[in-house]
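K.L.:
The structure that follows is given in the form of structure tokens.
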Amino acid sequence: ISELRTEDLRALPPPPAAEAAVARTLELLKDGDREGDWAAQYEAINMFRRLVAAQDVGSPDPSLLSQLHALNRLLIQFCDSLRSALAKNAASAFREMFGSLGRHMEADLDLIVPMLIKKSAETSGFIADEANKALAAMAASISEGR
């Protein structure tokens with residue numbers, strides 16, 4: 001399993017069809033969850049991170065936004081995984097989502113923030129660091145009222 005930095009993802013070409021990429025990511029995350037194939041889950045999160053990295057900050061793809069709640073719920077589960085690589089990768093996805101999708105993420109803050117706070121208190125420093133980065137990205141990208 002190779003760890004991809006945000007800069008690495010931005011250097012890759014965007015997925016050819018966002019709608020198909022979103023559908024495939026959902027499928028892989030759900031199927032991997034049933035089968036317990038954490039390597040497939042990790043790669044599915046990477047594919048989703050690649051899609052997020054390709055988004056225009058001002059106007060994200062509608063197919064991504066239409067599935068955002070379902071994707072957030074799945075990523076929350078992976079953020080709480082006992083597999084540290086999965087947990088960190090899911091926290092990285094949240095950090096990048098807050099950076100790219102900004103206020104579109106506000107609807108699920110009540111679900112995402114408790115998980116990120118929990119992970120920021122982890123004894124595993126690299127997961128806690130990534131969770132703290134995600135919380136900082138959230139604070140920088142959402143409206144003050146939230």
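The values are calculated or read from the model by the stated rules, or taken from the named source; none is laboratory data. Computed from a predicted model, the values in this text were never measured in an experiment. Heads up, the Cβs are rebuilt from the backbone with ideal geometry, glycines too, and the neighbour counts pull from every protein chain shown. Accessible surface is based on the protein model in full, side chains and every heavy atom, while ligands, DNA and RNA are left aside. Shrake-Rupley method; radii C 1.70, N 1.55, O 1.52, S 1.80 Å.
K.L.:
Could you tell me the accessible area of His104 in Å² (1.4 Å probe, neighbours in place), rounded to the nearest ten?
P.N.:
Rounded to the nearest 10, the figure is 90 Å².
K.L.:
The range 1-104: which GluC sites (Glu not before Pro) are DSSP loop and have at most 15 other beta-carbon atoms within 10 angstrom?
P.N.:
Answer by residue number: Glu3.
K.L.:
Can you list the residues, at least 5 places off or on another chain, whose amide H is less than 5 Å from the amide H of Ser81, using H built in the peptide plane?
P.N.:
Ala87
K.L.:
Per the helix-only calculation at 222 nm, which mean residue ellipticity applies to the chain, given -39500 (n - 2.57) for every DSSP H run of n ≥ 4 and division by its residues, nearest 500 deg cm²/dmol?
P.N.:
-22500 deg cm²/dmol
K.L.:
Shifting gears a bit: Any idea what the dipole of the chain comes to, in debye rounded to 20, about its Cα centre with Lys/Arg Cβ at +1 and Asp/Glu Cβ at -1?
P.N.:
Using only the charged Cβ atoms, the result is roughly 180 debye.
K.L.:
Give the residue list of trypsin sites (Lys or Arg not before Pro) in the range 1-88 that are DSSP loop and have at most 13 other beta-carbon atoms within 10 angstrom.
P.N.:
Those satisfying the criteria are Arg5.
K.L.:
Tally up the carbon and sulfur contribution to the accessible surface of the chain as a whole percent, 1.4 Å probe, everything protein left in place.
P.N.:
The C+S portion of the solvent-accessible surface of the chain is 52 percent.
K.L.:
If you don't mind, another one. Quick one: accessible area per residue over the chain, 1.4 Å probe, rounded to a whole number of Å²?
P.N.:
That works out to 50 Å² per residue.
K.L.:
OK, next. Roughly how many Å is it from the Cα centre of the range 2-65 to that of the range 83-138, as a whole number?
P.N.:
If you average the Cα positions of each part, the centres end up 16 Å apart.
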